[in-house]
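Structure first, commentary second.
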Number of protein chains: 2
Amino acid sequence: MNASGQRGRKPRADVQRNRAALLETAQRHFLQHGVGTSLEAVAKEAGVGPGTLYRHFPTREALLAAVLQTRSEELVARQADIDQLGDPAEALEQWLRAMEDYFSAFSGLPDPLMAAARAQEPDNPLTLPCDTLITATDKYVQAAQLAGRVRESVKGYDLFLAAVSVAWIKGTGATDEESVDRLRALLASGYREPDDQA
Amino acid sequence: MNASGQRGRKPRADVQRNRAALLETAQRHFLQHGVGTSLEAVAKEAGVGPGTLYRHFPTREALLAAVLQTRSEELVARQADIDQLGDPAEALEQWLRAMEDYFSAFSGLPDPLMAAARAQEPDNPLTLPCDTLITATDKYVQAAQLAGRVRESVKGYDLFLAAVSVAWIKGTGATDEESVDRLRALLASGYREPDDQA
DNA sequence: GGTTTGACCGGATGCTACCTCCGTTTTACG
DNA sequence: CGTAAAACGGAGGTAGCATCCGGTCAAACC
């Protein structure tokens, strides 16, 4: 133990500096060019060699997961607001929108996300966030079902899939916002109880 | 005009041979490795140089469209059967399944398909099949709406998007058939008229 | 059947991106 | 300030894409 209470040697300053620069640059490139952006370009613009990038983030997914960390925290914050709502059907709906926004953060994000959702890949750094989201969705679904607002046949995972799909469609950029709205409405009338008048 | 009634010179035998070999090999590779498979590998296995492949099919999409031609014909055949059905709601449902199967022919197919669906790209060889499918879907939707079996708010394009989405999910391989079934059912109760007892 | 012609072939080529390895540099600590 | 551990970063091997061009081969004409 050293003075800062950490095990072993104090972490080097350049490590943190490079990591922060990489994350900042990567986020910008993911935003502009999607998740398939060139990692070499990210490294160069962050002012480090490719080796440094790969040491910090061994795979594209690892970098992606680290960049998504910020968005995850936003999502958790939004979750707190949603939990305040009295209406469980409204809460579910807002939660689905929140997830959809999260999935739409970068174009092409749904693909690695679905690859990670396929379980038995504990080494994939995106698996944990995915599982968390599925579990949370299930919570909202069950609450709404208890209130008789959502069909009993629906599972949280189904609506997780629905949200990812909508995000995927948005990410392809082939569709106007109107069509996406209609698709969301179609899904909503699919999971809601038929006699729900809300 | 020559003896065979064609303009100019008779097409060379090796052209047809190479084209057929490329199509056959490409289909096998698309099946095994998805639409992102290496075109160089396809050319090598077909016994031609990369130049020959690119002369026959200038882009990956062109090759894909040519390989899909066979499947398109199957789809048209299936359409004939569907048109025999008396029940327009049943016809729509079967048509959606037929489209979904078509989209699921190769893993990763939905992405280039959606890219082509984005209009104003008349040079994309996948645009034509896409537009045809959307138009056909609209036909089935309108027939079912006329019979009061499908909500008025639904558009053919919406269900086209739904079918592509389901195919995309299947293609990621991250989901078991049961979940896909539930998602399909969810979508169905979303577009059907609420009081439809069928 | 021989010659001509031009369409077609296919490999060599330049490019971009991925990912790894290892000699060099930086950093923390005593 | 000296030292050793840790991190850096660029060189380099691999793979795939897409193009170009000299050589070839099949079809057409005599």
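Numbers for the structure displayed
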item: Odd one out for B:SER107, checked against (1) closer than 23 Å to A:PRO110 by Cβ; (2) touching a Ser or Thr at 6+ places or on another chain (Cβ under 6 Å); result: (2)
item: Flag if B:LEU133 is closer than 19 Å to A:ASP176 by Cα, away from chain A (no Cβ under 13 Å) and buried (at least 21 other Cβ atoms within 10 Å of the Cβ); result: yes
item: Among residues of region B:31-40, those that are loosely packed, with under 15 Cβ neighbours inside 10 Å and either within 15 Å of DNA strand C (Cβ to nearest atom) or β-branched (Val, Ile, Thr) (or both), counted; result: 3
item: Subset of region B:176-185 that is part of a helix (DSSP H, G or I) and of a type outside the set (A, V, I, L, M) - its residue that is farthest from the other protein chains (Cβ to nearest Cβ); result: B:GLU177
item: Residue ranges of helices (runs of 4 or more DSSP H) in region A:41-107 with at least 2 members buried (at least 21 other Cβ atoms within 10 Å of the Cβ), within 16 Å of DNA strand C (Cβ to nearest atom) and not aromatic (Phe, Trp, Tyr); result: A:60-84
item: Any chance B:TYR140 is at pLDDT 95 or above, within 23 Å of A:ALA162 (Cβ to Cβ) and more than 14 Å from chain A (Cβ to nearest Cβ); result: yes
item: Near pairs, Cβ below 9 angstrom, 6+ apart or cross-chain, from region B:45-67 (assigned by TED's automatic domain parsing to the domain that holds B:LEU22) to any residue that is hydroxyl-bearing (Ser, Thr, Tyr) and within 13 Å of DNA strand C (Cβ to nearest atom); result: B:GLU45/B:THR25; B:ALA46/B:THR25; B:ALA46/B:THR52; B:GLY47/B:THR25
item: Test: A:PRO122 is buried (at least 17 other Cβ atoms within 10 Å of the Cβ) and either at pLDDT below 95 or out of contact with any Cys (no Cβ under 9 Å at 6 or more places or on another chain) (or both); result: no
item: Index of the failed condition, A:GLY108 passing every other in (1) at negative phi; (2) at pLDDT 95 or above; result: (1)
item: Residue in region A:148-175 that is nearest to B:ALA115 (Cα to Cα), counting only those that are without any contact (Cβ under 8 Å) to a residue 24 or more places away in the chain and more than 10 Å from chain B (Cβ to nearest Cβ); result: A:GLY156
item: Checking B:ARG118 against (1) within 22 Å of B:ASP181 (Cα to Cα); (2) over 9 Å from the mean Cα position of the chain (by Cα), the condition it does not meet; result: (1)
item: Tally of residues being within 7 Å of chain B (Cβ to nearest Cβ) and at pLDDT 95 or above across region A:186-198; result: 5
item: Residues that are open to solvent by 10 Å² or more (accessible area, probe 1.4 Å) and under 18 Å from A:TRP95 (Cα atoms), drawn from region A:169-181; result: A:LYS170, A:ASP181
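The values are calculated or read from the model by the stated rules, or taken from the named source; none is laboratory data. In this text the structure is predicted, and so the values were computed from the model without any measurement. Cβ atoms come from the backbone with ideal geometry, glycine included; neighbour counts cover every protein chain shown. Note: accessible area is taken over every heavy atom of the protein model, side chains too, but ligands, DNA and RNA are not part of it. Shrake-Rupley method; radii C 1.70, N 1.55, O 1.52, S 1.80 Å.
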